[in-house]
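Taking it in order: structure first as structure tokens, then the write-up.
The values are calculated or read from the model by the stated rules, or taken from the named source; none is laboratory data. Keep in mind the model is a prediction, meaning the values are calculated, not measured. No Cβ is skipped: glycine too gets one built from the backbone with ideal geometry, and neighbour counts run over all protein chains shown.
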Amino acid sequence: MNERDIIQQTAEHVRQLLSGEGSGHDWFHIERVHRTALAMAGEEQADLFVVELAALLHDVADWKFAGGDHEAGPRAARSWLELLAVPTVVIDHVCEIIASLSFKGAGVATTMRTLEGQVVQDADRLDALGAIGIARAFAYGGHKGRALYDPAVAPESHDSFEAYKKNTGPTINHFYEKLLLLQDRMNTTAGKRLAAARHDFMDRYLEQFFAEWEGKR
Ligand code: ADP
Ligand code: NI
């Protein structure tokens with residue numbers, strides 16, 4: 001099978017797995033990340049085959065929905081790519097990217113070894129920012145039964161992945177615990193540029209949110 005067919009079959013496989021998912025990890029998230037990653041990969045001259053496969057497969061078995069199993073994502077990606085007889089070096093690279101992608105708390109470094117990984121991580125993070133990022137945060141919070149906001153619960157800075165995972169705070173806190181921190185963690189020039197614009201939009205959103213909360217606007 002040639003690379004085009006592998007990409008096409010993988011996209012179809014993921015679309016079937018994630019269609020109708022209600023927590024913000026649905027097929028359209030994958031489609032956006034794939035498109036953004038592809039555009040950034042061109043600009044950064046990253047290997048397109050690896051970038052496309054990692055973007056398409058990055059959320060097939062997220063730990064948040066796999067009973068906390070961190071190996072589930074890379075494992076699911078590996079079985080699929082083996083089925084398509086993708087070369088082992090490509091499979092290893094894609095699985096390494098998927099395993100290191102996630103944000104793990106304000107105090108936990110999440111470095112990406114390769115340019116391809118950096119591109120996919122930026123594309124995934126961009127989709128957590130801006131208007132779509134805001135929508136996804138509240139969709140996730142609703143899915144988990146979280147409050148929108150509670151003035152009595154202050155945001156935390158998590159120094160371990162364990163602490164970050166255990167957190168059940170209101171969704172507005174997630175902006176301070178993750179979303180507003182992403183701008184400074186972008187890897188690529190294109191990623192930094194896009195993140196800055198989306199970050200500004202979230203700043204304006206929060207300002208309006210708190211003004212409305214206090215009945216001032
Ligand atoms: P990443 O792609 O960095 O792994 P996640 O999979 O953790 O991101 O998050 C997917 C989406 O769900 C993102 O838009 C993220 O902001 C949102 N999300 C994750 N945790 C929370 C939370 N505690 N409250 C609100 N939204 C969340
Ligand atoms: Ni994702």
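Of all residues in region 15-48, those that are within 15 Å of ligand 2 (Cβ to nearest atom) and either more than 18 Å from V119 (Cβ to Cβ) or of a type in the set (S, T, N, Q) (or both) total 12. Of the residues making up region 128-153, those that are surrounded by fewer than 20 Cβ atoms within 10 Å (Cβ to Cβ), within 9 Å of ligand 1 (Cβ to nearest atom) and of a type in the set (A, V, I, L, M) are I132, A135, A139. Looking only at residues in region 107-127 that are of a type outside the set (S, T, Y) and either assigned to a loop (DSSP other than H, G, I, E, B) or free of Cβ contacts under 8 Å to residues at least 12 places away in the same chain (or both), which one is nearest to ligand 1 (Cβ to nearest atom)? Top of the filtered list is D127. Check region 81-95 and report whether any residue there is within 16 Å of ligand 2 (Cβ to nearest atom) and within 27 Å of Q183 (Cβ to Cβ). Yes - at least one qualifying residue is present in region 81-95.
So that you can scan it fast, the table gives a plain yes or no per residue for (1) closer than 16 Å to F103 by Cα; (2) at pLDDT below 95:
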{"position": "R146", "(1), (2)": "no, no"}
{"position": "E156", "(1), (2)": "yes, yes"}
{"position": "D159", "(1), (2)": "yes, yes"}
{"position": "F175", "(1), (2)": "yes, no"}
{"position": "L181", "(1), (2)": "yes, no"}
{"position": "M186", "(1), (2)": "yes, no"}
{"position": "H199", "(1), (2)": "no, no"}
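Scanning region 92-106 for residues that are crowded, with 19+ Cβ neighbours inside 10 Å and either in contact with a strand residue (DSSP E or B) (Cβ under 7 Å, 6 or more places away or on another chain) or not in a loop (DSSP other than H, G, I, E, B) (or both) yields a total of 5. Annotation: of all residues in region 96-135 being more than 16 Å from ligand 2 (Cβ to nearest atom) and of a type in the set (S, T, Y), the one that is nearest to L56 (Cα to Cα) is T114. The set of residues in region 159-172 being in contact (Cβ under 8 Å) with a residue 24 or more places away in the chain and assigned to a helix (DSSP H, G or I) consists of F161, A163, Y164, K165, T171, I172.
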